[in-house]
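Participant: I'd like to ask you about the structure that follows.
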Amino acid sequence: MVRSMPNRIVTLTLSPSIDLSTSTPIVRPEHKLRCTPGQLDPGGGGLNVSRVAHELGADTFAVFPSGGATGRLLEECLSAADIPFTGILAGHDTRICFNAGESESGREFRFVLPGAPLTPEEVEACILEVEEELETGDVLVASGSLPPGSPTDLYAQIVRRARAKGARVVVDTSQPALGPALDEPLLLVKPSRRELGELLGRAITDTDELAAVCRELHQSRQVEVLVVSMGKDGALMTSSEGQWMALPPAVEARSAVGAGDSFVAAMTLALMRGDSHCEALEWATAAGAAALITQGTGLCRREDVERLRPLARCVPIRS
């Protein structure tokens, strides 16, 4: 999928985690649940993007705050995966999130703890490290929730500083950080349909309405590519090249963990190498589907992405 590129993807994850995944036959309250051996993976939006970008053969570099014994464990996991990174020392322990699959039903239970708070000095240290790593032509992916107590325009501030280094920026987050970030020039933004509804203050269930809303939003903002993910229904993309609906390949879903981050990573890579927006959407859709068929927090595999790519369809929407 990926040919050699002079530039790389730098990711910023201000709310990283250690993701622990396991499974048990059935989840019952008040019972001792016997589980399979646990799997530990780096977690958080930007770190997931770096993991997928690395899997797909791209150059990537991850920046994140790292606190306590769990922060050290997170760094060990990234080192074992050969992902270049800098962990900025933080005063609070890195969180642990828990994913449990119920093998008898196929259901999945995801327990997401809040991110650790960061001091202004810790946030600034993370941003300075990002600025140090960025070069002209790189792409910064700022992804995930903001730490508790952060200013809502923090991602917007980061976008401005990254662009001053000659980088393009992808933002993948939700309210309240999404609104201010959309006021800045972005290469790609990927809210879910629910997150877009939260931004607009109303639910959007009709596809025609969603398409119209996205056209209006794209015309009023400086976003090169706007993608709204729609779960099993695919994704709707709006850009200067047109508007498309992505129809994902049919797969047997095992875990939804990291599907959106896999989508973002694959699409960012395709845009960086100059693919058309429609081609980039198809690669992203294949990566999202590939993440669904892996257990727990495993994310997508390159061979699955390449196998599913011909099955991902991109249908133009006529306004």
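Participant: Assuming L199 fulfils every condition listed in (1) touching a Leu at 6+ places or on another chain (Cβ under 7 Å); (2) closer than 25 Å to Q157 by Cα; (3) modelled with pLDDT of 95 or more apart from one, which condition is it?
Facilitator: (3)
Participant: Is there a residue being in a strand (DSSP E or B), under 19 Å from Y155 (Cβ atoms) and under 20 Å from the mean Cα position of the chain (by Cα) anywhere in the stretch 20-37?
Facilitator: no
Participant: Residue by residue through the stretch 284-319, note down the ones that are of a type in the set (D, E, K, R), crowded, with 17+ Cβ neighbours inside 10 Å and out of contact with any helix residue (DSSP H, G or I) (no Cβ under 6 Å at 6 or more places or on another chain).
Facilitator: R301 - this is the single residue of the stretch 284-319 that is of a type in the set (D, E, K, R), crowded, with 17+ Cβ neighbours inside 10 Å and out of contact with any helix residue (DSSP H, G or I) (no Cβ under 6 Å at 6 or more places or on another chain).
Participant: The conditions are (1) free of Cβ contacts under 8 Å to residues at least 60 places away in the same chain; (2) surrounded by fewer than 24 Cβ atoms within 10 Å (Cβ to Cβ); (3) within 19 Å of N48 (Cα to Cα), and L281 fails exactly one of them. Which is it?
Facilitator: L281 satisfies all of (1) free of Cβ contacts under 8 Å to residues at least 60 places away in the same chain; (2) surrounded by fewer than 24 Cβ atoms within 10 Å (Cβ to Cβ); (3) within 19 Å of N48 (Cα to Cα) except (2).
Participant: Out of the stretch 183-200, which residues are buried (at least 22 other Cβ atoms within 10 Å of the Cβ) and either part of a loop (DSSP other than H, G, I, E, B) or touching a helix residue (DSSP H, G or I) at 6+ places or on another chain (Cβ under 6 Å) (or both)?
Facilitator: Let us first name the residues in the stretch 183-200 that are buried (at least 22 other Cβ atoms within 10 Å of the Cβ), namely 186, 188-191, 196.
Scanning the stretch 183-200 gives K190, P191.
Participant: Hand me the list of strands (runs of 3 or more DSSP E) wholly inside the stretch 44-135 holding 3 or more residues that are closer than 12 Å to I18 by Cβ and either touching a Phe, Trp or Tyr at 6+ places or on another chain (Cβ under 9 Å) or modelled with pLDDT under 95 (or both).
Facilitator: Counting at least 3 such residues, we get 95-102.
Participant: How many residues, within the stretch 20-51, are within 15 Å of Q295 (Cα to Cα) and among the β-branched types (V, I, T)?
Facilitator: 3
Participant: Where in the stretch 235-319 are the helices (runs of 4 or more DSSP H), entirely inside, with at least 3 residues that are aliphatic (A, V, I, L, M)?
Facilitator: It comes to 259-272, 277-292.
Participant: It is to be established whether one or more residues within the stretch 44-52 are surrounded by 17 or more Cβ atoms within 10 Å (Cβ to Cβ), touching a strand residue (DSSP E or B) at 6+ places or on another chain (Cβ under 9 Å) and charged (D, E, K, R).
Facilitator: yes
The values are calculated or read from the model by the stated rules, or taken from the named source; none is laboratory data. Bear in mind the structure is a predicted one, so any value in this text is a computation, not a measurement. Here Cβ is always computed from backbone atoms with ideal geometry, including for glycine, and neighbour counts include all displayed protein chains.
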